[in-house]
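Worksheet: one structure, shown below.
Every read-out reported here was derived from the displayed coordinates using simple, explicitly stated rules and does not represent laboratory data. These numbers were taken from a predicted model, which means no experiment stands behind them.
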Amino acid sequence: MKNLIDEGSPCPIGCGGTLYYPPVENCSCHINPPCYACISIKLTCNKCGEGFREAEEPHQSSSVLSPKMGKPSHDFGNGKRIFDYSYDSRSGSTMVYTGRYEGEVTAKDIISFLGDGTFGHRGPYFQNGRFTYTKITD
Ligand SMILES: [Zn+2]
Ligand SMILES: [Zn+2]
C-alpha cells in the first residue's frame, strides 16, 4: 500500500512539496453530480505543480466512497447497481454516460437515476456488464 497517494501526501517526485486538490474548474455538480471536472481532478503538488492521479481502485468493494474517489456507484437494491460511471460532455450537445452494472438493471433505473436530457436520450444500452446512456442536452 506504500504507493497510495492522497491529499497531504508528499510529492512522489520527491521535490519536498505536498499534494493537494486544486479548486475544481467548471464544476457542474449542481446539474449532475458528480461532474466530470470533479471526477477527473488530479492531486497537484504545491511545489513542482505536477499532477497525479490517486491510486486506482484501492477500495473497489467498498460501497462507502468518498466524493473525491472518482469511482461512483449507485445501488438500486435487489442486487442491482451501477458503478465506475462517468460522463463525457465534450460534444456540447450530448452527455454520454458510460459505466458498469451488476444485476438486472433496467433502462428505467438508469434514466430515473441519471435523469433525462432536455431533448431526450439514446439508450441506455447494456452489453457485457457495461452500459452507455446518452442524454441529448442541446
Ligand atoms: Zn463537480
Ligand atoms: Zn513535487
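Straightening the chain between THR18 and SER112 buys 29.7 nm, computed as 0.36 nm per residue apart minus the Cα-Cα spacing. Take the Cα radius of gyration of the chain and divide it by 2.2 N^0.38 Å, N being the number of residues; the result is 1.19.
Could you state the number of Å between the C-alpha centres of segment 81-108 and segment 113-138? Between the Cα centre of segment 113-138 and that of segment 81-108, the gap is 6 Å.
For HIS121, the residues whose modelled amide H falls within less than 5 Å of its own, excluding neighbours fewer than 5 places apart on the same chain, are ILE136. When the alpha carbon gyration tensor of segment 73-136 is reduced to an equivalent ellipsoid, its three semi-axes come out at 20, 12, 9 angstrom, largest first.
Helical content alone sets the calculated 222 nm signal of the chain at -2000 deg cm²/dmol, taking -39,500 (n - 2.57) per DSSP H segment of four or more residues and averaging over every residue.
DSSP beta bridges confined to the chain are antiparallel in about 100 percent of cases.
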